[in-house]
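All of the numbers you see were taken from the coordinates with simple rules; none came from a lab. This is a predicted model, so every value here is computed, not measured. Cβ placement follows ideal geometry from the backbone for every residue including glycine, while neighbour counts extend to all protein chains displayed.
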Amino acid sequence: MLEQLMREDDLPGPLSLEESMKQLTSEEAFKIGKWMDEAESISKDFECTAALERIAIIRKSLARGMTHRVLCVELRVLRETIDSGLNNQLIYRYPAEKARVFGNWKSDWEKVIVAFPSAKKDILECVDLWAMAHPTASVFHAMRILEHGLRALAKHVGKTFDIQNWQNIIDEIESGIRDRAKKMPRGSDKNEKLKFLSEAAKEFTYFKDGWRNYVSHNRSDYDEHQARSVYEHVRTFMTVLSSQMGEVTTR
């Protein structure tokens, strides 16, 4: 790993015995310090305590002055320490297609994140869990994403979504839509608005009956294709909803 931290043009060529006994120049010590910064960052990420302790020793030696020979020994020991620390690490590799989807999650969900910023955490976990082969958990977070939209739709028609179950708040929303229909002046604007609200309410019923009730009450598991279909449907719907409403604060 240390070789990856060092650029090829930075590595010294073979040294004679006399040269190996010379002190590092200030420029060389500076480069080694930069390499130690990288090694320290990686060691922290992987919780390699022994490597961090070794890096601290090397930094002290650099400060006092170090020969090329001592440097070679220290780097060899550090490399072995890091390699040993990585032996029992468990690292997950995203399959290429899933890595591509996960890498684009912010741009794919951009409009939803802008309109519903507090949904961002559930969006990330929804996509990440799908990419890591936990499809049922991904569907669960997709339903949590929808709750941000459900709360916004309720407020839009004068209702409050708090602790009610989905069916109750959907019934309240549909009642609110009917009340608005009686008060709004006739015209194309009224028709379009009511159509949008009514279809949104029906979509929540579809989500509730199709997935939410099952995943929330441990009645069903999902494979990766089903989960991908669910969260893409949720993304499309929430993107449309974002065009006319957004975040509702719960305080």
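When the chymotrypsin sites (Phe, Trp or Tyr not before Pro) in region 105-197 are filtered for DSSP coil states and for at most 13 other beta-carbon atoms within 10 Å of their beta-carbon, no site remains.
Using only Cα atoms, find the angle between the long axis of helix 68-86 and the longest principal axis of the chain, and express it within 0 to 90 degrees, rounded to the nearest 10. So the helix axis and the longest Cα principal axis differ by about 40 degrees. Neighbours of Leu62, meaning other residues whose beta-carbon lies under 10 angstrom from its beta-carbon, give a summed charge of +1 when Lys and Arg score +1 and Asp and Glu score -1. Under a Gaussian network description of the chain, with springs only between Cα atoms under 10 Å, the residue in Thr239, Thr160, Thr25 that fluctuates furthest is Thr25.
In the elastic network of the chain, a GNM with C-alpha springs shorter than 10 Å, the most mobile of Thr49, Thr205, Thr236 is Thr49. Loop-located trypsin sites (Lys or Arg not before Pro) in region 133-226 (DSSP state not H, G, I, E or B) with no more than 16 neighbouring Cβ atoms inside 10 Å: Arg186, Arg219.
Divide by every residue of the chain the summed helix terms, -39500 (n - 2.57) for each DSSP H run of at least 4, and state the resulting mean residue ellipticity at 222 nm, rounded to the nearest 500 deg cm²/dmol. Calculated mean residue ellipticity at 222 nm is -22000 deg cm²/dmol. Only lysine pairs 8 or more places apart, or on different chains, with alpha-carbon atoms under 22 angstrom apart are counted in region 35-148, and they number 9. The angle between the Cα long axis of helix 188-207 and the main principal axis of the chain comes to about 60°, on a 0 to 90 degree scale.
Taking the C-alpha atoms only, the angle from helix 135-156 to the longest principal axis of the chain is near 50 degrees.
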